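Presented below is the structure to which this report refers.
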Amino acid sequence: MTYANTSSPGTLPEHAPLIIEIARPVLERAVRRLLRGSAEVALNAGLLRTESGTRLLIATDAAPEPPADYRRVILRHEDSPMSAVDTGPEAGVELLVDAQGALRSTHPSVVRIRVVGTGLHQATITEAASPAGSSRWSRIAGALGAAAHARLRETRFAVVGCGRTGSLVATTLARIGVSHLTLIDPDTVELHNLDAMDGTSYGDIGRPKVQAVADHLRLFACGVPEPISQAVTTGTSIAALREADFVCCCVDDATARLATSTLATLFLKPLLDIGVGIHAHNGQVEKAADVRLVLPGEHRCLACYGGIAQQDQMLPLIGGQTASTEWHEQRAGSLRSLNQVAAHLGIGIIEDLVTERVQHSQWLRLRYKDYLPTIEPLTADPDPECPVCALGVRGDAALPQLSAVLRAAVRRGVRMPTAAHELRKPRGV
Ligand SMILES: [Zn+2]
């Protein structure tokens, strides 16, 4: 086995809690290799330091020459004689799988093991506080199953963009029992937001959107929402994304969408992206939305799975100018009804992901022909030259290259417009 570059796994902190996160397709391939007789399977892990501990992010099978910043994780059968060997922090991390597929680690610092993908499984599920007792969740648990609902409630969600669509997503996540919710948005509530945003009133005008929505959620949510009134690229926001298990992107700005989706890729987070648009074109009003779930371990990111609409907003990143289009030419307005349908198509995908009805990345396009909605499942071939995917799941080691990767993604997106760009999305939805 060639691991010349990973000979110093002792750089793992010895006493900090260790969280192992592994993309489900990678785990399934590794288990199949064990079942076919391999004594062990070596995996590469990116490293992410968070306030709650250090995360090892596993999204790729072992490469012959992994980058120096990857760490080594060894997967073995629970009853493998080699598992009795004390690996310890100096020798990398050992992950054991039993006959039922349950995971545990012999490493003394491992406190949590998450399987990132369908089912949203993790090895240390604890019951969240339920002030009103189990009867509060009887309807949702009846629909999803109690175990799936427990996994959903324990999943830490970050909602980036807390306006018309994001406030609806945050509200419904809190309604269905999610107890860990971080809200990220730098904007303040304006008068025109009152026509669509959940949780806002006249008294909120001028307040940060995340603060207004968090105050609303506290009236019924189980956990305490964390509001971050900053752009997604600030240190505080990035630290919050590190801690999240799942990222919902509901921004109205192409650059913020690209940054959010790229950070989700680097940090091994499943991503739900919702983009909504109403556009006046040739005297017709077009209503449409793209709802995409991007699961780690499938060699794709948002940039190569439909791309980012409104590329012109990102041109300043590569020294270009944003096209100065008149407001009425860019957008025809927005409608809470359309935001609602798109937001809840997305929430429905999350519910089907946690129950394992959804197994892979999903891309749904909602369009209205006259007054009739249609929902079309779309797909895109993997892009072997995608600069975001090329960086992989390297956690903190990739952050110094973030700006360069964003610029490369914009250049590639401009050169290779994808189907998503047919949907001209207005600002401010
Ligand atoms: Zn990609």
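The table below gives the values:
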item: Condition met for residue 214 (free of Cβ contacts under 8 Å to residues at least 40 places away in the same chain and assigned to a helix (DSSP H, G or I)); result: yes
item: Residues that are modelled with pLDDT of 80 or more and surrounded by fewer than 19 Cβ atoms within 10 Å (Cβ to Cβ), drawn from segment 113-130; result: 119
item: Among residues of segment 333-378, those that are surrounded by fewer than 19 Cβ atoms within 10 Å (Cβ to Cβ), under 12 Å from residue 288 (Cα atoms) and either charged (D, E, K, R) or not assigned by TED's automatic domain parsing to the domain that holds residue 169 (or both), counted; result: 4
item: Sole exception among (1) part of a helix (DSSP H, G or I); (2) touching a helix residue (DSSP H, G or I) at 6+ places or on another chain (Cβ under 6 Å) for residue 177, by number; result: (1)
item: Output for segment 363-381, where each listed residue is within 21 Å of residue 249 (Cα to Cα) and either part of a loop (DSSP other than H, G, I, E, B) or more than 16 Å from the ligand (Cβ to nearest atom) (or both); result: 364, 365, 366, 367, 375, 376, 377, 378, 379, 380
item: Any hit, segment 217-230, residues being touching a Gly at 6+ places or on another chain (Cβ under 7 Å) and within 16 Å of the ligand (Cβ to nearest atom); result: no
item: Qualifying residue in segment 260-274 (condition: small (Gly, Ala, Ser), surrounded by fewer than 24 Cβ atoms within 10 Å (Cβ to Cβ), in contact with a strand residue (DSSP E or B) (Cβ under 8 Å, 6 or more places away or on another chain) and in contact (Cβ under 8 Å) with a residue 12 or more places away in the chain); result: no
item: From the options 71, 55, residue that is surrounded by 15 or more Cβ atoms within 10 Å (Cβ to Cβ), closer than 18 Å to residue 16 by Cα and at pLDDT 85 or above; result: 55
item: Subset of segment 232-264 (residues that are over 23 Å from residue 196 (Cβ atoms), assigned to a helix (DSSP H, G or I) and in contact with a helix residue (DSSP H, G or I) (Cβ under 8 Å, 6 or more places away or on another chain)); result: 238, 241, 258, 259, 261, 262, 263, 264
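The values are calculated or read from the model by the stated rules, or taken from the named source; none is laboratory data. Treat the numbers as computed from the prediction; the structure is a model and nothing was measured. When we count neighbours, we look across all protein chains shown, and the Cβ atoms used for this are built from the backbone with ideal geometry, even at glycine.
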